[in-house]
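Chemist: Handing you this structure, nothing more for now.
The values are calculated or read from the model by the stated rules, or taken from the named source; none is laboratory data. Just so we're clear, the structure is a prediction, and the values are computed from it rather than from any experiment. Positions of Cβ are backbone-derived with ideal geometry, glycine not excepted, and every protein chain shown enters the neighbour counts. Just so you know, the surface numbers come from the protein's heavy atoms only, side chains and all, with ligands and any DNA or RNA stripped out. Shrake-Rupley method; radii C 1.70, N 1.55, O 1.52, S 1.80 Å.
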Amino acid sequence: MRRIGLPLAAALLLLAAGGAWGQRLRPGPQVLTFHSEVDDTEQPYALYLPEPFDESKRYPLVITLHGAGSNHRLNLRRVFGRSNAEGETDLEASRYFPDWNDVPYIVAAPHARGTMGYQGVAEKDVWDVVADVKHRFAIDEDRIYLTGLSMGGGGALWIGLTRPDAWAAIAAVCPAPPPGTEEFAPNALHLPVRVMQGGADPVVAPAAVREWAERLRRLDVGVEYEEYEGVGHDSWVNAYADGRIFDWFGRFRRNPHPDRVRFSSDRYRYGEAYWVRLDSLTPGTVASIDVRFTDTNTLEAATSHLDGFTLRLAGHPRYRPGVQVRLRIDGHRLSLPAADSVSLQRDGQSWTAGKAAADPAAKGPGAEGPMSEAVAGRHVYVYGTGGAPSDDRLEARRAQARHAAEWSVDRGPFWGRVMVFPRAIADRDLRPSDLESSHLVLFGRRETNSLIARFGGRLPLELDPAADEHGLVYVYPAGGRYLLINSGLPWWEATSAPSVFAGSVPGLQLLGRGDYLLFRKGEVLAEGRFDRNWRLPEEAAARLRATGVVRIAQ
């Protein structure tokens, strides 16, 4: 064991420039930042570099995610088995890095904006940290691992299962995954999973975590479950004791070309894994494929709710270039010309060769909803100045937009802060660069907000101006960006937020919602998804018309 603690002032100490992966940093724990395009801020993450550090060597990487009310510095300590000293508060423990044993891994702990779960902006931060570490250092792509505790354990399941081919193994400690994570559980077929839980945890129910482990077992996933009798919600002390998680990670390497790919997704955002890409699906409906090599250039596949996909065969050890590909899919046999990449599209009840045609007006990558996607990246809140409002009325509009932009609030000692910094501006102050780079959250109606008027001819819904006791909010694509239109009451006055981490943050209260929401204060009247062509299903349209307060432009 050696002393690796760093004074806070020296945590970002840079040595002489050099090496193929940027500036040289001293071994041990420290804090770095990356530039976030979400809000033009520098976002921190804690980093450990092994001793000795060899710039010519490719290192395995561990990404570790903190829990609610915690932070990146404290989490880096915990994954090495160095939790708080006796009587030490989290704040005190965050001020320094203690001694711990060296391991031959690079370890990164994102701050990920505080306590907001690991979807949306926080999820993007995790991937930005992965990208930043890869930019700075030589990383072994087949030895990248993911772990987290509590909220971070749920984040490890979500991020690991939605993009399973990025990781060699994942470990979740007392995990609290967001709703819908279970839909991605089949994706862990080639992803070793370790789940650890306190048997007396009063925060995360042990029965729910046991069910997660059993769900994975039923899917033939290589899962290990470990429960600590009598331990409460600090099971990470046992799970990470003496840094033993690194020994477990060391057992696994990623196989980028498995013979079989089983993959499910309900959105294009998570539309590919290993050598399979989903080309055509209905966002909001789980599509799946199970495809395997049975011999050289011979495959069989079964699909559900999927209308198009591509098999990227180049580099697979069971693919021979220049030779015809034979495929049995959903009971049909196809012989396909030799090609490194093979695309199939549904034709009625059968399949034909060719990539599924993409309708520019249909849902697709970057234009699929739901509403939370409008605030998952760079976005601007825009209030209207039209309609000759009084000074008091204009101030009320400005206050509403500013409240929506208030992500950076302190929610008490347990939940801590959420730190996202979007802008709130008037419609007349929107810049051309905002239209090009940002999703727009637009408050008002076409009579009061010039941006809503500008896009009004293509928007599908409109709230009756006389419906003072109602609120309507929905997402719609425009020019490669999202518009989130909120007329009448603001969305945070609908009902309690579906996300447990939302609290008083308006943006987080969109998590778990669909593409549109109509409500009276405290009462949801209609909620759902547009179809794959951004139109309302007939039943949903009838339900909205029946309220008498919504005009439907279709």
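Chemist: Residue by residue through segment 166-201, note down the ones that are under 22 Å from Asn238 (Cα atoms), in a loop (DSSP other than H, G, I, E, B) and of a type outside the set (D, E, K, R).
Modeler: So in segment 166-201, the residues under 22 Å from Asn238 (Cα atoms) come out as 169-177, 192-201.
Narrowing further to those that are in a loop (DSSP other than H, G, I, E, B): 174-177, 192, 199-201.
Once the filter is applied, which keeps residues that are under 22 Å from Asn238 (Cα atoms), in a loop (DSSP other than H, G, I, E, B) and of a type outside the set (D, E, K, R), segment 166-201 yields Cys174, Pro175, Ala176, Pro177, Pro192, Gly199, Ala200.
Chemist: Among the residues of segment 134-158, count how many are of a type in the set (A, V, I, L, M), more than 17 Å from Val223 (Cβ to Cβ) and buried (at least 24 other Cβ atoms within 10 Å of the Cβ).
Modeler: First, pick out the residues of segment 134-158 that are of a type in the set (A, V, I, L, M): 138-139, 144, 146, 149, 151, 156-157.
Subsequent filtering for residues that are more than 17 Å from Val223 (Cβ to Cβ) retains 138-139, 144, 149, 151.
Checking which are buried (at least 24 other Cβ atoms within 10 Å of the Cβ) leaves us with 149, 151.
Matching residues across segment 134-158 total 2.
Chemist: Keeping to segment 393-414, report how many residues are open to solvent by 50 Å² or more (accessible area, probe 1.4 Å), modelled with pLDDT of 95 or more and in a loop (DSSP other than H, G, I, E, B).
Modeler: Going through segment 393-414 one residue at a time, the tally reaches 0.
Chemist: Identify all residues within segment 353-377 that are open to solvent by less than 60 Å² (accessible area, probe 1.4 Å), part of a loop (DSSP other than H, G, I, E, B) and touching a residue at least 24 places away in the same chain (Cβ under 8 Å); write none if there are none.
Modeler: Within segment 353-377, Ala356, Ala362, Lys363, Gly366, Glu368, Gly369, Pro370, Ala376, Gly377 qualify.
Chemist: Is it fair to say Ala208 is under 30 Å from Tyr59 (Cβ atoms) and among the small types (Gly, Ala, Ser)?
Modeler: Considered against the rule, which asks whether it is under 30 Å from Tyr59 (Cβ atoms) and among the small types (Gly, Ala, Ser), Ala208 comes out as no.
This table checks each residue for (1) closer than 19 Å to Gly160 by Cβ; (2) at pLDDT 95 or above; (3) surrounded by 21 or more Cβ atoms within 10 Å (Cβ to Cβ).
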| position | (1), (2), (3) |
| --- | --- |
| Glu227 | no, yes, no |
| Asp242 | no, no, no |
| Asp247 | no, yes, no |
| Arg251 | yes, yes, no |
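Chemist: Another question about this same structure. From the list Val204, Val231, Val221, pick out the single residue that is within 14 Å of Ser264 (Cβ to Cβ), of a type in the set (A, V, I, L, M) and assigned to a loop (DSSP other than H, G, I, E, B). It would help to see each step written out before you state the result.
Modeler: Numbers: Val204 fails: within 14 Å of Ser264 (Cβ to Cβ); Val231 fails: within 14 Å of Ser264 (Cβ to Cβ).
Matching residue, one of Val204, Val231, Val221: Val221.
Chemist: Next question. Please pick out the residue among Phe519, Phe501 that is within 30 Å of Met151 (Cβ to Cβ), surrounded by 21 or more Cβ atoms within 10 Å (Cβ to Cβ) and at pLDDT below 95.
Modeler: Just a single option satisfies the conditions, and that option is Phe501.
Chemist: Just to verify a result, which residue in segment 253-266, among those that are touching a Ser or Thr at 6+ places or on another chain (Cβ under 9 Å) and buried (at least 18 other Cβ atoms within 10 Å of the Cβ), is farthest from Gly180 (Cα to Cα)? Break it down stepwise before answering.
Modeler: Taking segment 253-266 first, the residues touching a Ser or Thr at 6+ places or on another chain (Cβ under 9 Å) are 259, 262-266.
Checking the rest, the ones that are also buried (at least 18 other Cβ atoms within 10 Å of the Cβ) come to 262-266.
Details: Arg262: 18, Phe263: 15, Ser264: 12, Ser265: 10, Asp266: 10 Å.
Residue satisfying both the conditions and the ranking: Arg262.
Chemist: Can you tell me which residue among Ser335, Ser343, Ser350 is of a type in the set (S, T, N, Q) and in contact (Cβ under 8 Å) with a residue 60 or more places away in the chain?
Modeler: Values: Ser335 fails: in contact (Cβ under 8 Å) with a residue 60 or more places away in the chain; Ser350 fails: in contact (Cβ under 8 Å) with a residue 60 or more places away in the chain.
Within the list Ser335, Ser343, Ser350, the selection yields Ser343.
Chemist: So which residues in segment 267-300 are among the small types (Gly, Ala, Ser) and either open to solvent by 10 Å² or more (accessible area, probe 1.4 Å) or in contact (Cβ under 8 Å) with a residue 40 or more places away in the chain (or both)? So that I can check it myself, show each step before the final result.
Modeler: Filtering segment 267-300 for residues among the small types (Gly, Ala, Ser) gives 271, 273, 280, 284, 287-288.
Those that are among the small types (Gly, Ala, Ser) and either open to solvent by 10 Å² or more (accessible area, probe 1.4 Å) or in contact (Cβ under 8 Å) with a residue 40 or more places away in the chain (or both): Gly271, Ala273, Ser280, Gly284, Ser288.
Chemist: Inside segment 442-466, can you point out the residues that are modelled with pLDDT of 95 or more, open to solvent by less than 40 Å² (accessible area, probe 1.4 Å) and part of a helix (DSSP H, G or I)?
Modeler: Listed by number, the residues that qualify are Leu451, Ile452.
Chemist: A follow-up question, please. Where in segment 472-554 are the strands (runs of 3 or more DSSP E), entirely inside, with at least 2 residues that are over 21 Å from Pro422 (Cα atoms) and without any contact (Cβ under 8 Å) to a residue 40 or more places away in the chain? I'd like the intermediate steps shown before the answer.
Modeler: Details: elements: 481-488, 516-520, 523-528, 550-552.
So the answer is 523-528.
Chemist: In the list Pro202, Pro177, which residue meets the criterion of being at pLDDT 95 or above, open to solvent by less than 40 Å² (accessible area, probe 1.4 Å) and out of contact with any Cys (no Cβ under 9 Å at 6 or more places or on another chain)? First the steps, then the outcome.
Modeler: On the way: Pro202 fails: open to solvent by less than 40 Å² (accessible area, probe 1.4 Å).
One residue alone meets the criteria, Pro177.
Chemist: Which residues, counting only those in segment 37-58, are surrounded by fewer than 19 Cβ atoms within 10 Å (Cβ to Cβ) and of a type in the set (Gly, Ala, Ser)?
Modeler: Selection gives Ser56 alone.
Chemist: Would you list the strands (runs of 3 or more DSSP E) that sit entirely within segment 47-165 and hold 1 or more residues that are of a type in the set (Asp, Glu)?
Modeler: Of the strands (runs of 3 or more DSSP E) lying wholly inside segment 47-165, those with at least 1 residues that are of a type in the set (Asp, Glu) span 139-149.
Chemist: Looking at segment 194-225, which of its residues are in contact with a strand residue (DSSP E or B) (Cβ under 8 Å, 6 or more places away or on another chain), small (Gly, Ala, Ser) and in contact (Cβ under 8 Å) with a residue 24 or more places away in the chain?
Modeler: Gly198, Gly199, Gly222
Chemist: When you scan segment 82-92, how many residues do you find that are open to solvent by less than 70 Å² (accessible area, probe 1.4 Å) and either closer than 15 Å to His66 by Cβ or of a type in the set (Lys, Arg) (or both)?
Modeler: Qualifying residue count, segment 82-92: 3.
Chemist: Could you tell me which of the residues Ala185, Ala172, Ala131 is under 19 Å from the mean Cα position of the chain (by Cα), of a type outside the set (Ser, Thr, Tyr) and open to solvent by 10 Å² or more (accessible area, probe 1.4 Å)? Please lay out each step first, then the result.
Modeler: On the way: Ala185 fails: open to solvent by 10 Å² or more (accessible area, probe 1.4 Å); Ala172 fails: open to solvent by 10 Å² or more (accessible area, probe 1.4 Å).
The conditions single out Ala131.
Chemist: Restricting the search to segment 415-429, which residues are modelled with pLDDT of 95 or more, open to solvent by less than 30 Å² (accessible area, probe 1.4 Å) and not in a helix (DSSP H, G or I)?
Modeler: Of everything in segment 415-429, those that are modelled with pLDDT of 95 or more, open to solvent by less than 30 Å² (accessible area, probe 1.4 Å) and not in a helix (DSSP H, G or I) turn out to be Pro422, Ile425, Ala426.
Chemist: Could you run through segment 340-352 and say how many residues are in contact with a strand residue (DSSP E or B) (Cβ under 7 Å, 6 or more places away or on another chain) and either modelled with pLDDT under 95 or open to solvent by 40 Å² or more (accessible area, probe 1.4 Å) (or both)?
Modeler: The number of residues fulfilling the criteria is 5.
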